[in-house]
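The values are calculated or read from the model by the stated rules, or taken from the named source; none is laboratory data. Small disclaimer: the values here were computed from a predicted structure and weren't measured. Cβ placement follows ideal geometry from the backbone for every residue including glycine, while neighbour counts extend to all protein chains displayed. Calculation scope for accessible area: heavy atoms of the full protein, side chains included, ligands and nucleic acids excluded. Shrake-Rupley method; radii C 1.70, N 1.55, O 1.52, S 1.80 Å.
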Amino acid sequence: VLPVKAGFRKRSKLVISLLAVLLVVLFATNPGKRQHEQTVSHIVNTAIEEVSDSLGQGNSWVNLGARFSSNFVQEVVGLKLHVKNYLICSVGRITYDDRDHIVTFGIAGHVFCLISKDDVKGVMMQWVKEQQDDINDLVPGIIKNFGNMIWNSIMGTGDNQSQGSQSE
């Protein structure tokens, strides 16, 4: 057996000590689910704002919907995002189309979103194009029913349907 030099032992202990400290720091700063949720929500909300700005010029309903969507997005992301903790890092996944998709990676106190704002905007624009006719048909009905609800609550009738059926 060859004798081990003292310098090699010291360097080995130093390297092992540094690795141990690094692992402890990574463990202590591993991002939790809340940080992953905030990162994804920020990307989605920014995309919603930009899409609503481009679609909603002069359309107060689109702008109003974008304002209220922030809390809704946070709730949906909280329900759909599943974060797996690997002690020194974490990975966020969302299931859609019956498949898991990795959307975030967290390490050292930072969460990196693996989906871009442009990806989200593209999906939203595609959906809007597909749903445009339905939206145009739905909005007048929603406004009418909402107006009837307010009218009935003011007048104290409590019958939301009777006002709507009388005006048709």
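Structural remarks
- The Cβ shell under 12 Å around Met125 holds other residues with a net charge of -2, Lys and Arg each +1, Asp and Glu each -1.
- Using the Cβ of Lys5 as centre and a radius below 15 Å, the other residues enclosed give a net charge of +4, where K and R count +1 and D and E count -1.
- Full-extension gain in nm, His82 to Arg11, via 0.36 nm per residue minus C-alpha separation: 21.4 nm
- Computed over neighbours whose Cβ is under 13 Å from that of Ser90, the net charge equals +3, Lys and Arg +1, Asp and Glu -1.
- Remark: for residue pairs Lys33/Lys121; Lys13/Lys84; Lys33/Lys117; Lys80/Lys117, the C-alpha separation exceeds 28 Å in Lys13/Lys84.
- Accessible area of Ser12 in the full protein assembly, 1.4 Å probe (Å², nearest 10): 40
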